[in-house]
Structure formats: structure tokens, C-alpha cells
């Protein structure tokens, strides 16, 4: 039985995850802003082996500041972002919080790349904030 589920806007892509999130946060880097069409993207990282995805996904890969390849997966029909992977963090899948069926599953723990945050995108000041990516995180 899945701990949580989610999918794209049109329903062509669905996923189930039976693993606990190992981290969750808001990223303010340029790529996350552009791919979300807003001030940041919110992700929860889960063990790759705990996620089962049904439906076709399109992918776009681009190197991060660190040189690690970030591959973003989205529905080719509706364009909704579903997940991403980071070659610097093997074994994890980053699910878009916006794709969750139950949005309350997402419990943010941090903000990353706040040095690139838009002035109008207010962040939760009670969460730790990192100018770039925290050390050891891809």
C-alpha cells in the first residue's frame, strides 16, 4: 500500500511512493523558478526504489552549478512537472510537491539558493536558508 500518491494535471502520469521522504525544501535557483513559472519549486526527496511511476514522461536534462546533471521529468501531454533526478545524489527522486494528491505530505525543511530568490517571493523565515546548495547535497 502506498504511503502517498500523485500525478500530473491531466492524469496521464500517476505515481505511488511507499517510502518516507528523506528531505523536503524550496529551491530558488533559476532553473527551478523557470520550470515552475513562479518564484521557486518545492520538492521532496524519496528513495528511488520506493517510487513507481505509470505513464510516459518527457525529460529535460541540464547541468547544475555543481556540474551534476539535473533531469526534470514532466507529462508530455499537459506539461505538468512531476519529478527530477540529480546525478550528484544517486538513489533519490525529487517529487514536485505540486504533484502530490495530498499537499500536506510536503513538510518543508529548508530553502536553497536564496541568493537567487526573487524579492517578491517571501520565504518562511523559520526554515534554514542556504545561499546556494548546502554542502554534501549534489
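Here, each number is a calculation from the coordinates, and none is a lab measurement. Quantities reported herein were computed from a predicted structural model and do not represent experimental measurements. Methodologically, a virtual Cβ is constructed for each residue, glycine included, from the backbone with ideal geometry; neighbour enumeration extends over all protein chains shown.
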Fill in the blank from the handout: All-but-one check, residue 56 against (1) in contact (Cβ under 8 Å) with a residue 40 or more places away in the chain; (2) loosely packed, with under 14 Cβ neighbours inside 10 Å; (3) assigned to a strand (DSSP E or B), failing number (3)
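Here is a list: 62, 116, 96, 123. Which entry is loosely packed, with under 14 Cβ neighbours inside 10 Å and within 19 Å of residue 31 (Cβ to Cβ)? First the steps, then the outcome.
Values: 116 fails: loosely packed, with under 14 Cβ neighbours inside 10 Å; 96 fails: loosely packed, with under 14 Cβ neighbours inside 10 Å; 123 fails: loosely packed, with under 14 Cβ neighbours inside 10 Å.
Unique residue meeting the criteria: 62.
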Completion exercise
Across the stretch 6-21, the tally of residues that are outside any loop (DSSP other than H, G, I, E, B), touching a helix residue (DSSP H, G or I) at 6+ places or on another chain (Cβ under 7 Å) and more than 14 Å from residue 58 (Cα to Cα) stands at 2
Completion exercise
The residue that is farthest from residue 104 (Cα to Cα), considering only those in the stretch 15-47 that are loosely packed, with under 15 Cβ neighbours inside 10 Å and touching a residue at least 40 places away in the same chain (Cβ under 8 Å), is 30
